[in-house]
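Quick notes on the structure that follows.
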Amino acid sequence: DAARRHRARHCGARMRCIASASPSDARVVGRVKRIHAYALKGARSTTLDAAVVRPGGGVPDDRAFALLRAEHAERWRRDGARDVLRAGEGKDPGHHSNKHLFHQLITDGELARVRGRAVGARGLAVECAASGRTLATCADAAIESERAKIEAFFGTLLKGARGAPTLTRADGCSFANVGGRPGEHTLHVNTTASVREAYERTSSWERTGETMEDFARRFRPNLVVEDAGDGALKPFDEFAWCGRDVRFGEVVVRVDEPTIRCPSTRVRYDESGDAGANVDAGARPDVDIRAAFPALEASIFGRDPVALADRGSYFGVYARVVVGGVIRVGDDVALLP
């Protein structure tokens, strides 16, 4: 339609402008420390040395699989991914409404004990997060007998399940909470400076015995940015990137909005045996991090800047790829003019 053609022309013009920008025009603000892909929604990530990303795409295999709750299996067979990725009335169009159809970390903390790893074109392996041992494998999610291996495992692991879940894979889609439609995938970006600030300000973390590295896992980033060695990266600098283009090595992303946090950040990731425990009575990063930025403002989906502490708990930013390529650990991260 006319609106889509207009957006395409605008995007094309902006991409040509970005491509012609001189490296000297960019300001280095950090470097890539880690790259994460969460093959299974709710489970832990695999870490990558590099990731090939395309415009409108995310880290390969990120949120490619989800566990459909047994009580919603019939609805999925009837409506499929189209309905699941629908935005609710009054919501921004990028935000999904139906994530409750799937097992999530906030409702099923046991997911923090396992890691999902993509296998081949349509397969999934489930590994123990502590030992790395393979617990269940599905060679092809399109084959019912293969899916059953994963489904039987989670039917036992997930104590709150009403039955064995259905392993679900929607080609071209992502089961992330924002974006997810073909060509509308997002990257979630965190910085180590912000993690440290939130860790130090979050109440009761000393009583939990949780390390900062385990605390950082709660926020489930795709890209982690660290200081480039000059001390210039400060806590929550990334909120000022909203509406700006940022270069990750040879890749350019447009930072769209801060990431609003939900209570899933209350689920522990520590390796002491408590992974998956919900610590509502102790560390509550989704509530406490807002105390770290009472004066910070940021633009959300291109709107006028708002005071973040008045709107909710935010941590990290969402970005979309506008110039594709390879992102590598150690790449410079530069804010473009």
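From the list Ala152, Ala136, Ala148, pick out the single residue that is of a type in the set (Gly, Ala, Ser) and touching a Lys or Arg at 6+ places or on another chain (Cβ under 6 Å).
Values: Ala152 fails: touching a Lys or Arg at 6+ places or on another chain (Cβ under 6 Å); Ala148 fails: touching a Lys or Arg at 6+ places or on another chain (Cβ under 6 Å).
Selected residue: Ala136, the only one of Ala152, Ala136, Ala148 that is of a type in the set (Gly, Ala, Ser) and touching a Lys or Arg at 6+ places or on another chain (Cβ under 6 Å).
Residues checked against (1) surrounded by 17 or more Cβ atoms within 10 Å (Cβ to Cβ); (2) under 21 Å from Asp108 (Cβ atoms); (3) in contact (Cβ under 8 Å) with a residue 24 or more places away in the chain:
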| position | (1), (2), (3) |
| --- | --- |
| Pro263 | no, yes, yes |
| Gly276 | yes, yes, yes |
| Pro285 | yes, yes, yes |
| Ala291 | no, no, yes |
| Gly302 | no, no, yes |
| Val306 | no, no, no |
| Gly316 | yes, no, yes |
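Go through the residues of the stretch 253-262 one by one and say whether even a single one is hydroxyl-bearing (Ser, Thr, Tyr) and either within 30 Å of Glu206 (Cβ to Cβ) or in contact with a Gly (Cβ under 6 Å, 6 or more places away or on another chain) (or both).
There is at least one residue in the stretch 253-262 that is hydroxyl-bearing (Ser, Thr, Tyr) and either within 30 Å of Glu206 (Cβ to Cβ) or in contact with a Gly (Cβ under 6 Å, 6 or more places away or on another chain) (or both).
In the stretch 45-56, which residues are modelled with pLDDT of 95 or more and open to solvent by 10 Å² or more (accessible area, probe 1.4 Å)?
The answer is Ser45, Thr46, Thr47, Leu48, Asp49, Ala50, Val52, Arg54, Pro55.
Would you be able to tell me the number of residues in the stretch 297-318 that are at negative phi, part of a loop (DSSP other than H, G, I, E, B) and hydrophobic (A, V, I, L, M, F, W, C)?
Residues meeting the conditions: 1.
Collect the residues in the stretch 37-60 that are among the charged types (D, E, K, R) and closer than 18 Å to Ala136 by Cα, keeping them in residue-number order.
Those that are among the charged types (D, E, K, R) and closer than 18 Å to Ala136 by Cα: Lys41, Arg44.
Within the stretch 110-141, track down each residue that is in contact with a strand residue (DSSP E or B) (Cβ under 9 Å, 6 or more places away or on another chain), small (Gly, Ala, Ser), under 19 Å from Tyr269 (Cα atoms) and not in a strand (DSSP E or B).
Ala112, Ala129, Gly132
Of the residues Gly30, Gly42, which is modelled with pLDDT of 75 or more and in a strand (DSSP E or B)?
Values: Gly42 fails: in a strand (DSSP E or B).
Unique residue meeting the criteria: Gly30.
From the list Arg201, Arg247, Arg217, pick out the single residue that is at pLDDT 90 or above and within 23 Å of Phe293 (Cβ to Cβ).
Exactly one residue qualifies, and that residue is Arg217.
Scan Val333, Val321, Val326, Val252 and give me the residue that is modelled with pLDDT of 95 or more, in a strand (DSSP E or B) and open to solvent by 10 Å² or more (accessible area, probe 1.4 Å).
Going through Val333, Val321, Val326, Val252 in turn, the sole match is Val326.
The values are calculated or read from the model by the stated rules, or taken from the named source; none is laboratory data. Nothing here was measured: the structure is a model prediction, and the numbers come from that model. Please note: Cβ atoms are built from the backbone with ideal geometry, for glycine as well, and neighbour counts cover all protein chains shown. All accessible areas refer to the heavy atoms of the entire protein, side chains included, with ligands and DNA or RNA removed. Shrake-Rupley method; radii C 1.70, N 1.55, O 1.52, S 1.80 Å.
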